[in-house]
């Protein structure tokens with residue numbers, strides 16, 4: 001296997017830049033650059049030189065000996081002074097070393113998977129951690145990266161292997177006296193795993209929302225103050241505001257962090273009957289996006305709502321708090337003055353946090369497909385078991401189907417077609 005190298009820190013000028021090298025010749029290359037022995041696990045302050053003996057930089061060199069490294073291979077890191085010229089010169093010297101080549105995107109992480117240092121959900125968790133913008137996303141990604149989903153799947157697999165072995169032992173010794181009926185234990189094992197998989201599937205949608213972001217749609221009649229409220233929430237002029245009804249024709253989106261949760265606020269066209277073809281298209285789009293949102297904020301003059309869009313858990317607020325008498329301001333907001341905006345943000349954050357608390361470990365469509373396949377196999381196996389011993393071989397096959405689905409979940413089988421797509425999203429140094 002080639003020895004690969006890449007910049008592991010962000011490109012551009014920096015105080016320190018990190019170059020990572022992984023592979024069988026990592027230590028040999030370090031000795032050539034440093035002109036001194038570099039062996040085992042440790043760190044050294046060394047002058048790096050080029051082919052002509054000219055000093056490239058004085059670097060901190062870290063050695064991680066296989067298998068105690070990120071990739072499971074010998075790894076050497078060079079912590080350089082972070083000038084663009086210095087990084088370029090050391091990369092050039094590495095490229096001239098025998099057996100060394102520039103890493104492809106995600107290749108370090110791919111080798112970690114191939115060498116058993118990480119499972120596939122951990123790889124996905126690392127990708128999510130790199131992309132995390134909010135505290136909730138960071139925490140969710142850390143749980144995947146820590147291997148929690150793989151650990152749970154491993155526990156399920158152990159129980160299913162136990163259940164399948166009991167059934168297959170009964171089949172193998174069908175002509176002999178079996179000391180006890182194994183069906184109750186098998187039923188219990190399958191039911192336990194089935195219930196836990198069901199709970200994980202129930203929490204998957206909320207986990208996906210944390211990963212991709214919740215959507216909150218502001219809906220109401222024209223001139224209710226929706227765009228002004230959006231601007232107040234965003235802290236900038238994201239939408240055009242005007243006294244002319246129907247100014248908003250498209251859906252305007254603003255990405256926000258609400259108490260650690262990723263949220264996209266949608267400003268939609270005012271809902272009304274109109275003969276204007278363009279405005280009507282905007283209203284139709286507004287209804288579609290509002291219906292698909294996680295929460296709808298109904299902004300109105302008198303506290304009414306559109307029953308065709310209303311879902312339990314939505315929020316109703318009065319518009320233009322700055323123009324209302326004191327006794328009406330408790331449930332009113334004003335994007336113009338900011339009155340009531342903090343209270344609305346707090347309410348939305350509370351609702352979304354409560355929903356987010358039900359999020360499971362699974363976060364992706366790939367996870368859902370594997371879990372559904374495992375669940376369906378267990379449901380079928382339990383139904384077949386109830387028919388008695390003559391159908392045990394069919395039940396055993398359904399258990400094996402569930403086990404294979406869990407192995408697919410953690411990346412043990414049939415995932416080669418996914419790897420290129422997953423690792424392509426990583427930077428070179430990962």
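Would you mind finding the one in 352, 285 that is in contact with a strand residue (DSSP E or B) (Cβ under 9 Å, 6 or more places away or on another chain) and in contact (Cβ under 8 Å) with a residue 24 or more places away in the chain?
Values: 285 fails: in contact with a strand residue (DSSP E or B) (Cβ under 9 Å, 6 or more places away or on another chain).
Only one candidate qualifies: 352.
For the range 33-60, residues that are surrounded by fewer than 19 Cβ atoms within 10 Å (Cβ to Cβ) and in contact (Cβ under 8 Å) with a residue 60 or more places away in the chain total 0. Does the range 320-333 contain any residue that is surrounded by fewer than 18 Cβ atoms within 10 Å (Cβ to Cβ) and at pLDDT 85 or above? Scanning the range 320-333 turns up no residue that is surrounded by fewer than 18 Cβ atoms within 10 Å (Cβ to Cβ) and at pLDDT 85 or above. Report whether or not residue 136 is farther than 30 Å from residue 33 by Cβ, in contact with a strand residue (DSSP E or B) (Cβ under 9 Å, 6 or more places away or on another chain), crowded, with 19+ Cβ neighbours inside 10 Å and at pLDDT below 95. So residue 136 passes the test.
Can you tell me which residue among 190, 201 is buried (at least 22 other Cβ atoms within 10 Å of the Cβ), touching a helix residue (DSSP H, G or I) at 6+ places or on another chain (Cβ under 8 Å) and assigned to a helix (DSSP H, G or I)? Talk me through it step by step, then tell me what you get.
Working: 201 fails: buried (at least 22 other Cβ atoms within 10 Å of the Cβ).
Answer to the selection: 190.
The single condition from (1) buried (at least 22 other Cβ atoms within 10 Å of the Cβ); (2) in the same structural domain as residue 148 (by TED's automatic domain parsing) that residue 131 fails is (1). Could you list, in sequence order, all residues of the range 1-24 that are within 18 Å of residue 56 (Cα to Cα), in contact with a strand residue (DSSP E or B) (Cβ under 6 Å, 6 or more places away or on another chain) and surrounded by fewer than 15 Cβ atoms within 10 Å (Cβ to Cβ)? Scanning the range 1-24 gives a single hit, 16.
Within the range 338-353, the set of residues being surrounded by fewer than 17 Cβ atoms within 10 Å (Cβ to Cβ) and either within 19 Å of the chain's Cα centre (by Cα) or more than 25 Å from residue 260 (Cα to Cα) (or both) comprises just one member, 353.
Regarding the range 381-402, can at least one residue be identified that is outside any helix (DSSP H, G or I), out of contact with any helix residue (DSSP H, G or I) (no Cβ under 6 Å at 6 or more places or on another chain) and in contact (Cβ under 8 Å) with a residue 40 or more places away in the chain?
Going through the range 381-402, the residues outside any helix (DSSP H, G or I) turn out to be 386-388.
With the extra rule that they be out of contact with any helix residue (DSSP H, G or I) (no Cβ under 6 Å at 6 or more places or on another chain), the set shrinks to 386-388.
With in contact (Cβ under 8 Å) with a residue 40 or more places away in the chain added as a condition, the list becomes none.
No; the residues of the range 381-402 include none that is outside any helix (DSSP H, G or I), out of contact with any helix residue (DSSP H, G or I) (no Cβ under 6 Å at 6 or more places or on another chain) and in contact (Cβ under 8 Å) with a residue 40 or more places away in the chain.
For residues that are farther than 17 Å from residue 343 by Cα and surrounded by 12 or more Cβ atoms within 10 Å (Cβ to Cβ), scanning just the range 301-313, find the one that is modelled with the highest pLDDT. Step by step, filter the range 301-313, then rank; the result is 310.
Taking the stated definitions as given, is residue 316 surrounded by fewer than 17 Cβ atoms within 10 Å (Cβ to Cβ), part of a strand (DSSP E or B), free of Cβ contacts under 8 Å to residues at least 60 places away in the same chain and not assigned by TED's automatic domain parsing to the domain that holds residue 135? Show your work before the answer.
Details: surrounded by fewer than 17 Cβ atoms within 10 Å (Cβ to Cβ): yes; part of a strand (DSSP E or B): yes; free of Cβ contacts under 8 Å to residues at least 60 places away in the same chain: yes; not assigned by TED's automatic domain parsing to the domain that holds residue 135: yes.
Criteria met by residue 316.
Just one of 181, 151 is free of Cβ contacts under 8 Å to residues at least 12 places away in the same chain, in the same structural domain as residue 384 (by TED's automatic domain parsing) and part of a loop (DSSP other than H, G, I, E, B); which is it? Exactly one residue qualifies, and that residue is 181.
The values are calculated or read from the model by the stated rules, or taken from the named source; none is laboratory data. Since we're looking at a predicted model, the values are computed, not measured. Counting neighbours? That spans all protein chains shown, and the Cβs are built from the backbone with ideal geometry, glycine included.
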